[in-house]
Amino acid sequence: MSLSAQEIAAVVAEIVPVVIGGWVQKVFQPTPHAITLEVRAPGHTQSLFLSADPESARLHLLSRHLLNPATPPPFCQYLRAHVQGGRIEGIEQVQGDRIVRIRIAAREGLRSLIAELTGRSADLLVLDAEDKILAALKGEHEKVGQPYRPPRAPRDARGRTDSDIYSEGPPQPDENMPFPVSAALERRYQQREEELARTRMRQIRLAEVRKGIKRTGRRIAALQEDLVKLCRYRDYDRYGELLKANLGRIAKGQAQLTVVDYFDPAMPELVIPLDPAKGPQGNMDDYFKKHRKFLVADREVRPRLEAAERELDILRTDLTAIQHGTWEPPASQPEKTKRAAPHRKVATPQAKPQRTERAGPFRRFTSVDGLPIYVGRNARENEELTFGLAKSDDLWLHAHGMPGSHVVVRLEKGADPPPETIRDAATLALLYSDLKKSGKGEVIYTKRKYVRKVKGQPPGTVTVTQEKSVFVTLDRTRLEALKERSR
C-alpha cells in the first residue's frame, strides 16, 4: 500500500539533510510509474526514489541500483532536459498531506517536482516558478499549462482520509543502517519492485525479440535470394574461357555458340547462349563479369547470411526462454554519465585525473596488428573523426541500426585491413553502442569514402554504401588486450 502522511513526514525528515544543496546529476525511470534522482552532494552520491504507483506510491533513498530500460521514457527525457543539472534547494511535505514538493534551481529557473503520493490518483508533476504545470508522469496533457492545485484528500463516512485508512503503520527503522527509515521502506517494497522491473524488462525484450525475428528473417530471405540468383553464375568463368578460345567463330547477332567443353574429360559439346546485341569480346567479358559477381557473393554475402542465421538462432532462443519463463534480464549496470555542470564553478580538490586514453580527442586504441583505431565519444567527435581525421581509404565501422560511436582504423592507401584488426575495431564499435547491454550484435564496415553526411540532420548522422558486416560478441580477452593497448 501507499505511504501514510506520517510515514512521509518521517522519511522527508531523513532525506532533507542528505540531499539539500546537492546536484541532480542523473535521472532514471526504472518503471512506468517511478523515477530515480541521482543526487551528488559534497562527499557522497545518493539515489532518491519517487514512485507514483497506485499501490505503492512512496519516496525514500535507495541502497542499490535498479534495472533501467535501454531507452528513457518521455517523462524521464523531459526531466533530463529541464531538471538534470539543477541544485536541490528544498524538500517539504505539503500541508501535512501525502504530497511532497522538491524545489530545484535548474538552468531555466526555479522548478518544483511534485510527488503526489495519493494512492490511486498518485502522479509526479513538474511546475515552473509560478506553479504552472509543465509536465506530468502519467501524460495527462490537459494539465499542462494549468495552475497547480493540490488534490483534495477524499474522506469516508467517518471523516477518515486515505492516509488514515491505508497506513501500514510507521516503518520499523533498522538503526544499523545509515538511513533507517528509507532502508525499512525499501525492504518493504523490494520484492514487488524487483518483480515488476523483471516483468517490464521481459516485456521489452519480448517486443525486441519479435521485431528482431521479423527483421532478421526478411534479411535472411533477401540474402538467400541474392545467393540463388548469383549462384547461376558459378560456371560462367568456364563459359568465358571457352568463348575466349572460340572468338573467331562468333559473329555479331549470333544467339548461341556450340563448342567442345575441354574442361570436361568426356569432351562433350556445350551450347553457350550469346547476347545478339554484343560482339564476341562483349559476350566473353559479360560472362567473366558475372562470374566475378558470384565470387563476391560467395566471399561476402554468404558470411553475412551465416551471421544473420546465428543472430536468428539467438533471438529464437531468447523467445523460447521468455515464453517458458526462464529468461532473466542481464545484471544491472549503472549508467556511466558525466557529472552535470553546476551554475557556478566549484572547486573539487578530490577530483581524480583523467585516464590517459581520454587525453586529446577521441578514444584511441591499437589493434593486434599494430594499426591505430579511433573511437568517437559523442556526436560532435563522431563528425570530426569521420569527416576530419579519417582519410578516404581508412576503414569505418558502426553498430548496425543502433546509436553508437563512429570507429575508424587508419590504413595505408590501397591496403586491406587484416581480419583480426576488423574484429578488434568491430568489438569497440559494439562496446560503445546501444548493443553493449546485449553483449552481441552486427557491426557494419566500409571504406571512409563510402560514408556521406546527411544534410539537415544532427552531427554524426550519415548514410553508408558498399558496406559489409560482421557479427561480434564482447570477448573479455580481446577487450582486455585492447585496453592494455589504449592511448
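The values are calculated or read from the model by the stated rules, or taken from the named source; none is laboratory data. Note that the structure is predicted; figures quoted are calculated from it, not measured. No Cβ is skipped: glycine too gets one built from the backbone with ideal geometry, and neighbour counts run over all protein chains shown.
Results for (1) small (Gly, Ala, Ser); (2) surrounded by 13 or more Cβ atoms within 10 Å (Cβ to Cβ); (3) out of contact with any helix residue (DSSP H, G or I) (no Cβ under 7 Å at 6 or more places or on another chain); (4) modelled with pLDDT under 90, shown as yes or no for each residue.
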| residue | (1), (2), (3), (4) |
| --- | --- |
| ASP261 | no, yes, no, yes |
| GLY279 | yes, yes, yes, yes |
| PHE288 | no, yes, no, yes |
| PHE294 | no, yes, no, yes |
| ARG299 | no, no, yes, yes |
| ILE314 | no, yes, yes, yes |
| ASP318 | no, yes, no, yes |
| ALA321 | yes, yes, yes, yes |
| GLY325 | yes, no, yes, yes |
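Take ALA129 and tell me if it is under 29 Å from GLN203 (Cα atoms), surrounded by fewer than 17 Cβ atoms within 10 Å (Cβ to Cβ) and modelled with pLDDT of 90 or more. For ALA129, the condition - under 29 Å from GLN203 (Cα atoms), surrounded by fewer than 17 Cβ atoms within 10 Å (Cβ to Cβ) and modelled with pLDDT of 90 or more - is not met. Within the stretch 460-470, the only residue that satisfies the criterion of being over 24 Å from GLY370 (Cα atoms), surrounded by 14 or more Cβ atoms within 10 Å (Cβ to Cβ) and not β-branched (Val, Ile, Thr) is GLY460. Consider GLY441 carefully, then state whether it is among the small types (Gly, Ala, Ser) and either part of a loop (DSSP other than H, G, I, E, B) or not assigned by TED's automatic domain parsing to the domain that holds GLU383 (or both). Criteria not met by GLY441.
Within the stretch 82-99, residues that are basic (Lys, Arg) reach partners that are assigned to a strand (DSSP E or B) with beta carbons closer than 7 Å, at six or more positions or on different chains, in the pairs ARG87/TRP23; ARG87/ILE104; ARG87/ALA105. Entry remark, the stretch 20-43: residues being more than 23 Å from LEU67 (Cβ to Cβ) and either in contact (Cβ under 8 Å) with a residue 24 or more places away in the chain or surrounded by 22 or more Cβ atoms within 10 Å (Cβ to Cβ) (or both) number 4 in total.
Applying the condition of being among the polar types (S, T, N, Q) and closer than 29 Å to PRO72 by Cβ to the stretch 355-414 and asking which residue is surrounded by the most Cβ atoms within 10 Å (Cβ to Cβ) yields SER405. Looking at the stretch 407-425, is at least one residue in contact (Cβ under 8 Å) with a residue 60 or more places away in the chain and not aromatic (Phe, Trp, Tyr)? Within the stretch 407-425, not a single residue is in contact (Cβ under 8 Å) with a residue 60 or more places away in the chain and not aromatic (Phe, Trp, Tyr).
No other residue among GLU306, GLU269 is under 30 Å from THR216 (Cα atoms), surrounded by fewer than 14 Cβ atoms within 10 Å (Cβ to Cβ) and free of Cβ contacts under 8 Å to residues at least 24 places away in the same chain apart from GLU306.
Residues in the stretch 286-301 that are of a type in the set (Phe, Trp, Tyr) and within 40 Å of the chain's Cα centre (by Cα): PHE294 only. The residues of the stretch 93-112 include none that are at pLDDT 95 or above and within 28 Å of the chain's Cα centre (by Cα). Picking from residues in the stretch 116-143 that are part of a strand (DSSP E or B) and under 29 Å from the mean Cα position of the chain (by Cα), the one that is nearest to GLN25 (Cα to Cα) is VAL126.
Each residue in the stretch 69-90 was checked for being touching a helix residue (DSSP H, G or I) at 6+ places or on another chain (Cβ under 9 Å) and crowded, with 21+ Cβ neighbours inside 10 Å, and 1 of them qualify. Within the stretch 220-232, is even one residue more than 30 Å from ASP313 (Cα to Cα), at pLDDT below 85, in contact with a helix residue (DSSP H, G or I) (Cβ under 7 Å, 6 or more places away or on another chain) and part of a helix (DSSP H, G or I)? No, there is no match, as no residue in the stretch 220-232 is more than 30 Å from ASP313 (Cα to Cα), at pLDDT below 85, in contact with a helix residue (DSSP H, G or I) (Cβ under 7 Å, 6 or more places away or on another chain) and part of a helix (DSSP H, G or I). Could we say that LEU48 is at pLDDT 90 or above, closer than 15 Å to VAL181 by Cβ and either of a type in the set (Val, Ile, Thr) or outside any helix (DSSP H, G or I) (or both) here? So LEU48 fits the description; yes.
So is ARG234 assigned by TED's automatic domain parsing to the domain that holds LYS289, surrounded by 13 or more Cβ atoms within 10 Å (Cβ to Cβ) and closer than 15 Å to TYR287 by Cα or not? So ARG234 passes the test. Of a type in the set (Lys, Arg) and closer than 16 Å to LEU124 by Cβ - does that describe any residue in the stretch 76-90? Yes, that holds for at least one residue.
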